[in-house]
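**Q** Sharing a structure with you now.
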Amino acid sequence: MLEYYLNEYETQQQTQYVSARDGEDIAFTLNYIGESYKKLNQHEKSLEYHLKAYQMRKRLFGEVRDHVDVAESLYAIGFSYYKLMQHNKSLEYYLKAYEMRKRLFSEDGGDREDIALTLNNIGVSYLKLNKHETALEYHSKSYEMRNRVFGEDKDHKDVAQSLNNLGVSY
């Protein structure tokens with residue numbers, strides 16, 4: 001799959017794009033290259049491509065405009081930094097992703113699986129920085145949201161993960 005996206009990116013670079021949609025396609029390809037490297041545990045390469053996707057998405061959607069694709073890039077960059085054990089940087093990007101997702105989906109009540117996951121990962125980052133009380137706060141928020149998102153499915157793996165992380169935070 002990585003080979004396909006690398007070839008696609010090379011082709012896209014050789015073609016002059018004329019519309020914002022073309023730019024979105026390139027950012028999408030960059031994101032998938034980053035995801036492919038993540039699956040191969042090549043987190044420095046993953047970070048490189050996620051940063052490229054983020055920069056392109058910022059140019060496309062503006063510095064101050066919230067967009068779901070920008071939030072996705074922020075989250076992916078945070079994950080890459082986490083895997084590279086750069087927990088302060090990871091936390092920085094997870095917090096940005098959380099704030100943007102919160103603004104984007106506040107009209108829907110804000111209870112979403114991706115927001116709950118972001119809260120969880122903020123908590124994990126705080127744990128890695130030995131800030132257990134703050135980690136507990138974010139793990140509690142993640143647990144509560146996951147309960148609302150998954151409703152009656154108390155055996156859902158994400159709810160179990162939140163319970164585990166709550167225990168670790170104490």
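The values are calculated or read from the model by the stated rules, or taken from the named source; none is laboratory data. All values derive from a computational prediction rather than experimental measurement. Heads up, the Cβs are rebuilt from the backbone with ideal geometry, glycines too, and the neighbour counts pull from every protein chain shown. SASA here: full protein model, heavy atoms, side chains in, ligands and nucleic acids out. Shrake-Rupley method; radii C 1.70, N 1.55, O 1.52, S 1.80 Å.
**Q** Take the chain, connect every pair of alpha-carbon atoms lying under 10 Å apart with a spring to form a Gaussian network, then pick out the residue of L74, L129, L47 with the largest mean-square fluctuation.
**A** L129
**Q** Considering the zone a paramagnetic label at D66 would reach in this model (a point 7 Å from Cα along the Cα-to-Cβ line), which residues of segment 102-125 have amide N under 19 Å from it?
**A** 102-122
**Q** Let me ask you something else. Using the crude model of +1 on Lys and Arg Cβ and -1 on Asp and Glu Cβ, and no other charge, please compute the dipole size for the chain relative to its Cα centre, in debye to 20.
**A** Magnitude of the dipole: close to 500 debye.
**Q** If you don't mind, another one. If I take R0 = 22 Å and measure r between the Cβ atoms of T134 and L163 in this structure, what FRET efficiency does the formula 1/(1 + (r/R0)^6) give, to the nearest 0.05?
**A** After rounding to 0.05, the efficiency reads 0.75.
**Q** Could I ask something else about it? Taking the structure as given and computing Cα Rg over 2.2 N^0.38 Å, which label from [x] 1.29; [y] 1.55; [z] 1.11 fits?
**A** Calculated Cα Rg over 2.2 N^0.38 Å: the matching label is [z].
**Q** Here's something else I'd like to know. Using a Gaussian network model on the chain with a 10 Å cutoff between Cα atoms, which of E63, E24, E137 fluctuates the most?
**A** Most flexible of the set in this elastic network: E63.
**Q** Can you list the trypsin sites (Lys or Arg not before Pro) in segment 31-123 that are in a DSSP coil and have 13 or fewer other beta carbons within 10 angstrom?
**A** Qualifying residues, ordered by number: R65.
**Q** I'm checking a number: the convex hull volume of the Cα atoms of segment 99-170, normalised per residue, in Å³. What is it?
**A** That works out to 72 Å³ per residue.
**Q** Next question, about the same structure. In the chain, which whole DSSP H runs stretch at least 15 Å along their own axis (Cα) and average 0.0 or higher on the Kyte-Doolittle scale?
**A** 68-83, 113-128
**Q** Considering only the other residues whose Cβ falls under 9 Å of the Cβ of S90, what net charge follows from Lys and Arg at +1 and Asp and Glu at -1?
**A** Value of the local net charge: +2.
**Q** Still on this model: Would you mind telling me which residue in N130, N31, N147 has the biggest mean-square fluctuation in a Gaussian network model of the chain, where springs connect alpha carbons within a distance under 10 angstrom?
**A** Of the options given, N130 has the highest mean-square fluctuation.
**Q** Considering only Cα-Cα distances, which of the following residue pairs are longer than 23 Å: K45/K89; K89/K131; K52/K83; K89/K141; K39/K83; K52/K141?
**A** K52/K141, as the Cα separations exceed 23 Å there.
**Q** Counting only heavy atoms of the protein chains, get the accessible area per residue of the chain (1.4 Å probe) and round it to a whole Å² value.
**A** I get 56 Å² per residue for the chain.
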